[in-house]
1. Rg and Dmax of the stretch 18-85 over Cα atoms: what are they, in angstrom?
2. Taking every pair of alpha-carbon atoms in the stretch 109-190, what share in percent sits in each 10 Å bin, from 0 to the bin with the longest distance?
3. Ratio of the stretch 1-51's C-alpha Rg to 2.2 N^0.38 Å, to two decimals?
4. Any idea what diffusion coefficient the stretch 244-309 gets from Stokes-Einstein, in µm²/s, Kirkwood Rh on alpha carbon pairs, 25 °C, 0.890 mPa s?
5. Can you give me the pair-distance distribution of the stretch 55-188, C-alpha pairs, 10 Å bins, whole percents?
6. Over 26 Å between Cα atoms, which of LYS154/LYS270; LYS108/LYS202; LYS120/LYS202; LYS108/LYS213; LYS105/LYS154; LYS120/LYS152 qualify?
7. So what is the relative contact order for the chain, in percent, with contacts set as C-alpha pairs under 8 Å and at least six apart?
8. How large, in Å, is the stretch 255-396 by the Kirkwood hydrodynamic radius built from its alpha-carbon pairs?
Amino acid sequence: MRYPRSSGVLLHVTSLPGDFGIGDLGPEAYRFVDWLAESGQKVWEILPLTPIGYGNSPYSSPSAFAGNTILISPELLAEDGLFDRRDLGKAGRFSAGRVDFDRVKSFKGNLLEKAWRRFKSRPEPELEREFRRFRRDHRAWLDDYCLFACLKEKFRWRPWFEWPEDVIKRRPAILRHWKKKLAAGIEKRSFLQFIFFRQWFKLHAYAARRGVKVMGDLPFYVSYDSADVWLNRELFLLDEKGRRTALSGVPPFGAFAVSQVWGNPLYDWKAMSRDGFGWWMLRFGALAELVDIVRVDHFSGFYACWHVELGAKDSARGRWVKSPTTAFFRTLFKRVGRIPLIAEALEPDLADAVARLLKRLGYPGVRTLQFGFTGEEDNTNYPPNYPPDCVVYTGTHDNNTLRGWYNSADAATRKHVKNFLGPGKAPIYWRLIEAVSRSAADTVIFQLQDLLGLPSSARFNMPGRGNGQWEWRALREMLTDDLARRLARLTEQSGR
């Protein structure tokens with residue numbers, strides 16, 4: 001599956017400018033789409049839109065299906081008549097450059113409660129019809145997720161595997177009891193999900209009209225403390241009490257042989273295959289409705305998963321367990337279709353096998369510029385080695401900014417970069433951007449921070465660090481007409 005030669009920008013919704021402490025689905029998102037179109041960009045890449053979990057990470061979500069309701073736009077709520085616009089003036093002052101998640105959650109929580117009460121007291125007929133239709137169309141996950149969220153609150157936010165045994169095991173009588181007792185909360189949470197998706201679909205449609213495709217992220221693994229695992233215990237490698245029997249991760253690799261034990265529950269592929277991978281089909285289908293291109297994070301899991309032994313001190317104590325690759329993708333193509341997809345797969349142990357798999361499936365893999373200057377001639381991340389059917393990043397959400405990476409690189413790496421670029425007057429970060437834009441790769445994605453030439457302080461996430469991540473935000477004044485024109489010229493010159 002070859003993609004047209006194009007380029008785009010990676011910027012999560014939370015990082016958009018705005019007056020309410022966090023980027024959202026309102027006017028600034030529409031302005032950003034306009035800026036992308038004016039700069040000749042054809043792709044807007046975002047991170048998962050699901051609710052955030054531990055450490056405010058979009059990759060540790062309590063649901064693979066629900067939307068993150070703190071991304072709901074207050075301005076658009078006011079336009080729908082769901083609260084008095086004067087309430088927006090009571091937001092107080094938020095930091096413009098970073099997200100204070102605790103303050104944002106409190107402010108948005110109060111605001112959404114007002115919107116819900118307004119809807120219940122004075123329901124607008126068309127909005128009410130849309131809400132009923134939404135609940136019907138999303139019944140496969142909606143009510144169960146909202147029940148899970150209500151139970152989390154009821155049991156003081158403890159993980160589901162520490163709830164009462166009858167609730168852990170989802171005994172029918174106890175579930176009927178809680179569904180009845182928590183009916184009002186379930187309805188409210190369903191309404192907020194409806195509002196989130198309503199706002200998202202309008203924004204997505206606007207991007208399509210401006211010629212901008214949205215690339216969304218699908219993490220291969222899901223969080224242990226999630227509605228997905230609680231609702232589908234039989235699909236994961238858990239014991240009778242819901243405890244994991246092995247842990248996810250990857251074997252140590254790289255210059256410092258860094259151990260990575262992630263702890264996500266592993267899939268019971270045999271159990272999943274019995275109903276034709278129904279949970280996965282629902283998941284892929286749901287995301288394909290939200291975005292134009294799906295980026296699969298840790299795609300190599302569809303070839304094999306590293307099972308780390310329980311109690312292991314590091315991820316070296318584990319083994320590769322094959323996934324049902326052929327059966328899975330045959331089912332996906334039959335039931336969901338050949339959705340546009342790109343594959344992020346970094347595990348060196350599986351590199352050759354996954355490359356063959358991607359070639360067979362017709363999907364492009366990912367290259368990352370910052371990994372390209374280690375000195376090996378056959379380094380697949382080195383720009384002269386890019387094949388056409390790949391997607392190149394100046395950096396991903398887990399990388400340093402391009403400027404920060406170069407400034408902190410060792411002397412050998414910096415020399416390699418300079419030798420590759422040759423003489424030039426522009427800053428190194430912009431010359432690297434020009435180099436990847438002119439490369440053979442069909443698709444190039446720039447972090448906004450890289451286009452802006454920002455230092456390491458603008459880094460979005462540092463893997464393994466729990467606090468202070470996912471907070472960076474762009475300022476309105478950063479998205480200038482001059483930068484749009486400069487990027488548009490480069491895009492035209494490089495045939496994108």
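1. Using the Cα atoms of the stretch 18-85, the pair Rg, Dmax is 14.1, 38 Å.
2. 16, 44, 29, 11, 0
3. Compactness ratio reported: 1.26.
4. 175 µm²/s
5. In whole percents, the pair-distance histogram is 10, 34, 35, 18, 3.
6. Exceeds cut-off: LYS154/LYS270; LYS108/LYS213.
7. After rounding, I find 20 percent.
8. 16.8 Å
No value in this document is a laboratory result; all are computed from the given coordinates. Treat the numbers as computed from the prediction; the structure is a model and nothing was measured. In this analysis, Cβ positions are derived from the backbone assuming ideal geometry, glycine residues included, and neighbour counts consider all displayed protein chains.
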